[in-house]
Amino acid sequence: MFFFFYALILLSISCFPSIAVNENFLQCLSVQSSQTILPVYTPINTSFSSVLEKSAKNLRFLTPTTPKPRLIITPLEESHVQAAVLCCRQHGLQMRVRSGGHDYEGLSYVSHVPFVIVDLINFRSVNVDLQGGTAWVEAGVTVGEAFYIIAQKNPTLAIPAALCPTVGTGGQFSGGGYGSLMRKYGLAGDNIVDARLVNAKGEILNRESMGEDLFWAIRGGGGGSFGVILSWKIKLVPVPATVTGFTVARTLEQNATSLIHRWQSFAAKVHEDLFMRVIISKASGKQTILALFQTMFLGGTDRLLPIMKQSFPELGLKPEECTEMSWLQSVAYVANLPTNGSVDVLLDRNLPSKAKFKAKSDYVTEPIPETGLLGIWERFFEVESPLMIFTPYGGKMDEFSESAIPFPHRAGTIYKIQHLVTWTGGVAESRKHRDWISKLYSYMTPYVSKSPRAAYVNYRDLDLGQTKANMNDTEIYLRAKVWGTKYFKKNFDRLVQVKTKFDPENFFRHEQSIPVLPS
């Protein structure tokens, strides 16, 4: 059956010689995949565009002029991934690997050199070991799917992972992976105990065979640098049968500025069961700022209210503003998903809706003064859809050393900022909004971390620097050290050493991948 499928591809290519697909590459796949069915999509396949666009979340990279892959491969089994790696190496094609498609700069599905996409959308199994307290999660599983399947086995078990249910675990865990449980249990990367990946030689490795250096690197060193993650083994953590959520909105006229300023003083120090982030936007239809104090608490209202009264009495939280729910329901709640009474929405990979956007990140180690916040509000009024999200740290996050895994943003961090702006127009609007967020980022300089000004690797930002195909190893290393230090601090040098040892030819690469040491 595979050879029939393969023959149809070759027939299509012969009819359209202008399509830049390497026939020898397809022949290589047929040999390496052991005669099993390997779904391959070329630009002349009627479903090529839908497969390409299905998982891409940023509409900035879904334009007619965006570079397209030579092929899209959607593996059905691990040997298919091995075949893709071996054939890409043999034929000089760059490989981009996609699991959930949330890559902020489109690096998992866009390249400016000839490339192939390996889309892990079919790697969707979650095998829960209740007795051992772990789960094997394949890289194409979304966080929402993982939460859902685990809760079906035991509703009081979870994994510490993303706030957005449609994020793929392959990429999210590779960057460390934070979520609403991080103040209680740390990151996803802190709780991974094994993994399976395909290296640049096409070999499948687990923790024992890859060794502790590579195992360290893949749990926070960012996706696309060390291999293709096939699956993760992650510890399950206990959650209460009942958790409590609330979302309290305040405008500038309702003292939002002073409330946000006050939030900074306790958000990282409060009880680790309490996760309260602040989502800041322009109020719809009004010339004011809206701050949402959104909370997930591991316990009931009876425990939450005294903690809030002691830590944040200024908010004036009322019992009727609190909603008790199951842990799984809270996942949908925090993600602002329309549940309609059902958590099945967590299985919908197409939420949230797509948009054109640009994002940046910062870490805050000293509270921003009210005058600094007022300057942010002034800039918010310059565009239609600005957004800032303040995500609190502290708790368990303070207990890990900066070098425990490559993710270094630990003790001393009060909260992380995600800066984001969306738009709907064309090139002019894109330029306007990207210029705006760059100016906002510049304005924030005095108020955020320094030496280095840190950033979160899963919020890729090519404005921090990028490498190009025509650079030599020395140029790549020097360029990468600039942004690499922001993402990884002192861990960057160790990541480079691991990369040089395990992928010396730099096969797994993109514009912000870990470089090899110059020879």
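Restricting to the stretch 418-436, count the residues that are hydrophobic (A, V, I, L, M, F, W, C) and touching a helix residue (DSSP H, G or I) at 6+ places or on another chain (Cβ under 9 Å). Don't jump to the end; show me each part of the working.
Step one: list which residues in the stretch 418-436 are hydrophobic (A, V, I, L, M, F, W, C), which gives 420-421, 423, 427-428, 436.
Next, only the ones that are touching a helix residue (DSSP H, G or I) at 6+ places or on another chain (Cβ under 9 Å) stay: 420-421, 423, 436.
Residues that pass the stated criteria total 4.
Need pairs with beta-carbon distance below 8 Å; first residue open to solvent by 20 Å² or more (accessible area, probe 1.4 Å) and within the stretch 497-516, second among the aromatic types (Phe, Trp, Tyr); sequence gap 6+ or separate chains.
Final answer for the pair search is Phe502/Phe226.
Of the residues Asn340, Asn336, which single one is more than 23 Å from Asn154 (Cα to Cα), of a type outside the set (Lys, Arg) and modelled with pLDDT under 95? Lay out the reasoning, then the answer.
On the way: Asn340 fails: more than 23 Å from Asn154 (Cα to Cα).
Exactly one of Asn340, Asn336 is more than 23 Å from Asn154 (Cα to Cα), of a type outside the set (Lys, Arg) and modelled with pLDDT under 95, namely Asn336.
Looking at the stretch 209-230, can you tell me whether even one residue there is open to solvent by 10 Å² or more (accessible area, probe 1.4 Å), under 26 Å from Tyr459 (Cβ atoms) and assigned to a strand (DSSP E or B)?
Checking the stretch 209-230: at least one residue is open to solvent by 10 Å² or more (accessible area, probe 1.4 Å), under 26 Å from Tyr459 (Cβ atoms) and assigned to a strand (DSSP E or B).
Looking only at strands (runs of 3 or more DSSP E) that fall completely inside the stretch 78-155, which ones have 1 or more residues that are at pLDDT 95 or above and open to solvent by 10 Å² or more (accessible area, probe 1.4 Å)? Walk me through it before giving the result.
On the way: elements: 94-98, 115-119, 126-129, 134-138.
Correct list: 94-98, 126-129, 134-138.
Please go through the stretch 469-496 and give me each residue that is without any contact (Cβ under 8 Å) to a residue 24 or more places away in the chain and either within 28 Å of Asn206 (Cα to Cα) or touching a His at 6+ places or on another chain (Cβ under 7 Å) (or both), ordered by number.
Phe492, Asp493, Val496
Please work out if Thr74 is in contact with a strand residue (DSSP E or B) (Cβ under 8 Å, 6 or more places away or on another chain) and hydroxyl-bearing (Ser, Thr, Tyr).
Numbers: in contact with a strand residue (DSSP E or B) (Cβ under 8 Å, 6 or more places away or on another chain): yes; hydroxyl-bearing (Ser, Thr, Tyr): yes.
Criteria met by Thr74.
Just a yes or no: is a residue in the stretch 444-451 touching a Phe, Trp or Tyr at 6+ places or on another chain (Cβ under 8 Å), open to solvent by less than 70 Å² (accessible area, probe 1.4 Å) and farther than 23 Å from Met388 by Cα?
Restricting attention to the stretch 444-451, the residues satisfying the condition of being touching a Phe, Trp or Tyr at 6+ places or on another chain (Cβ under 8 Å) are 448-449.
If we keep only those that are open to solvent by less than 70 Å² (accessible area, probe 1.4 Å) too, we end up with 448-449.
Filter again for farther than 23 Å from Met388 by Cα, leaving none.
Among the residues of the stretch 444-451, not one is touching a Phe, Trp or Tyr at 6+ places or on another chain (Cβ under 8 Å), open to solvent by less than 70 Å² (accessible area, probe 1.4 Å) and farther than 23 Å from Met388 by Cα, which makes the answer no.
On the basis of being of a type in the set (D, E, K, R), modelled with pLDDT under 95 and open to solvent by 20 Å² or more (accessible area, probe 1.4 Å), does Lys269 make the cut? Steps first, please.
Values: of a type in the set (D, E, K, R): yes; modelled with pLDDT under 95: no; open to solvent by 20 Å² or more (accessible area, probe 1.4 Å): yes.
Judged against the criteria, Lys269 is not a match.
Please name all residue pairs, on different chains or six or more residues apart, with Cβ atoms under 9 Å, provided the first residue is in the stretch 16-35 and is among the acidic types (Asp, Glu) and the second residue is at pLDDT below 65 and not in a loop (DSSP other than H, G, I, E, B).
Filtered contacts from the stretch 16-35: Glu23/Ile9; Glu23/Leu10; Glu23/Ile13; Glu23/Ser14.
When the stretch 376-387 is examined, which residues are found to be touching a residue at least 60 places away in the same chain (Cβ under 8 Å) and loosely packed, with under 15 Cβ neighbours inside 10 Å?
If the condition is that a residue be touching a residue at least 60 places away in the same chain (Cβ under 8 Å) and loosely packed, with under 15 Cβ neighbours inside 10 Å, then Phe381, Glu384 are the ones that fit.
Name every residue in the stretch 466-483 that is open to solvent by less than 30 Å² (accessible area, probe 1.4 Å) and touching an Asp or Glu at 6+ places or on another chain (Cβ under 9 Å), in order of residue number.
Answer for the stretch 466-483, where residues must be open to solvent by less than 30 Å² (accessible area, probe 1.4 Å) and touching an Asp or Glu at 6+ places or on another chain (Cβ under 9 Å): Thr467, Trp483.
In the stretch 336-361, which residues are surrounded by fewer than 21 Cβ atoms within 10 Å (Cβ to Cβ), out of contact with any Ser or Thr (no Cβ under 8 Å at 6 or more places or on another chain), closer than 24 Å to His433 by Cβ and among the small types (Gly, Ala, Ser)?
Listed by number, the residues that qualify are Ser353, Ala359.
I need a count of the residues in the stretch 347-375 that are of a type in the set (A, V, I, L, M, F, W, C) and touching a Leu at 6+ places or on another chain (Cβ under 7 Å).
At the first step, the residues of the stretch 347-375 found to be of a type in the set (A, V, I, L, M, F, W, C) are 347, 351, 355, 357, 359, 364, 368, 373-374.
After this cut, where a residue has to be touching a Leu at 6+ places or on another chain (Cβ under 7 Å) as well, the list is 351, 355, 357, 359.
Number of matching residues: 4.
Residues in the stretch 177-207 that are assigned to a loop (DSSP other than H, G, I, E, B), open to solvent by less than 20 Å² (accessible area, probe 1.4 Å) and over 22 Å from Glu505 (Cα atoms): how many?
Residues that pass the stated criteria total 7.
Within the stretch 235-254, how many residues are touching a residue at least 40 places away in the same chain (Cβ under 8 Å) and either open to solvent by 50 Å² or more (accessible area, probe 1.4 Å) or touching a Gly at 6+ places or on another chain (Cβ under 9 Å) (or both)? Write out each step before concluding.
First, the residues of the stretch 235-254 that are touching a residue at least 40 places away in the same chain (Cβ under 8 Å): 235-252.
So of that shortlist, the ones also either open to solvent by 50 Å² or more (accessible area, probe 1.4 Å) or touching a Gly at 6+ places or on another chain (Cβ under 9 Å) (or both) come out as 235-238, 240-244, 247-248, 252.
Qualifying residue count, the stretch 235-254: 12.
What is the number of the single condition among (1) at pLDDT 90 or above; (2) open to solvent by 30 Å² or more (accessible area, probe 1.4 Å) that Thr74 does not meet?
For Thr74, the failing item is (2).
Filter the stretch 280-297 down to the residues that are open to solvent by 20 Å² or more (accessible area, probe 1.4 Å) and not polar (S, T, N, Q), then identify the one that is modelled with the lowest pLDDT. If you could, list the steps in order and put the result at the bottom.
Looking only at the stretch 280-297, we keep the residues that are open to solvent by 20 Å² or more (accessible area, probe 1.4 Å), and these are 281-282, 284-287, 290, 292.
Subsequent filtering for residues that are not polar (S, T, N, Q) retains 282, 285-286, 290, 292.
Values: Lys282: 96, Gly285: 79, Lys286: 82, Leu290: 98, Leu292: 98.
If we take residues in the stretch 280-297 being open to solvent by 20 Å² or more (accessible area, probe 1.4 Å) and not polar (S, T, N, Q), then Gly285 is modelled with the lowest pLDDT.
The values are calculated or read from the model by the stated rules, or taken from the named source; none is laboratory data. The structure presented is a predicted model; accordingly, all values stated were derived computationally and were not measured. Heads up, the Cβs are rebuilt from the backbone with ideal geometry, glycines too, and the neighbour counts pull from every protein chain shown. Accessible surface is based on the protein model in full, side chains and every heavy atom, while ligands, DNA and RNA are left aside. Shrake-Rupley method; radii C 1.70, N 1.55, O 1.52, S 1.80 Å.
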